[in-house]
Amino acid sequence: MVNKRKNLSDNEKQEIYEALLLRSVNGKLKRRTTTIVAHLFNINRCYVQAIWRTAKQCLVAGVPVDVSCKRKKNYGRKKVAIDLSRIATIPLNKRTTLRALAHELGVTRSTLHRCLKKGKIRRHSNTLKPYLRDDNKKARLQHCVAMLDGGTLRFIDMKNIIHTDEKWFNTTKKQRSSTCCPRKRIR
């Protein structure tokens, strides 16, 4: 199995060219030479053939053979700049999912997902835990006392009482999650 490397260093390309020159006769390669050299350097055959083509073009043009990389220093996909400080200004209900947050920021979901993986943003969940006020505590206690039989101090028979599950009627979620920027840790 031959590794498929996309970027070869200039030294590796020069070594490949010299290996091809050793195996050439009067500037022509023998059959299967590129395959042999590709196996020697553990690369794909098309890279070896591209290096040989470049060398032949240099010889035809009458310039010294240069098989080094012609790419400029700054090549490849450019990073998308995101102003992560805008996340704090977006309301919580508009940043519950990455899709909603991406829409508000005007970037793609994949860009936000990369930020999430790199740790630039993080998920945050907030559970609603309402505290009982004194009047709520009194109302609960009065309800419990009302269920006691006055003479025997036992609970009354509740076979004719229906209890409904309140969670179906709550309009708010018990736990909300949103995306936020992580705080800088002070060490």
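The values are calculated or read from the model by the stated rules, or taken from the named source; none is laboratory data. Worth saying up front: this structure is predicted, and the values here are computed from it rather than measured. The accessibility values were calculated without ligands, DNA or RNA, using every heavy atom of the protein model including side chains. Shrake-Rupley method; radii C 1.70, N 1.55, O 1.52, S 1.80 Å.
For residue 113, the accessible surface of its heavy atoms amounts to roughly 80 Å² (probe 1.4 Å, protein chains only, rounded to the nearest 10). Only one item in (i) 188; (ii) 313; (iii) 126 matches volume of the Cα convex hull per residue in Å³ derived from the coordinates shown, and that item is (ii). For the chain, the membrane-span-like helices by this rule, meaning whole DSSP H stretches whose C-alpha atoms cover at least 15 Å of axis and whose Kyte-Doolittle mean is -0.5 or above, are 45-61; this says nothing about an actual membrane. Of the solvent-accessible surface of the range 23-168, computed with a 1.4 Å probe over protein heavy atoms with every protein chain present, carbon and sulfur atoms account for 54 percent. Taking 29 Å as the limit for the C-alpha separation, the pairs 70/120; 94/137; 13/78; 138/159 exceed it in the case of 70/120; 94/137. Think of a 1.4 Å ball rolled over the protein heavy atoms: the range 116-164 then has 100 Å² of accessible area per residue.
Rolling a 1.4 Å probe across all protein chains gives residue 13 an accessible area of roughly 40 Å².
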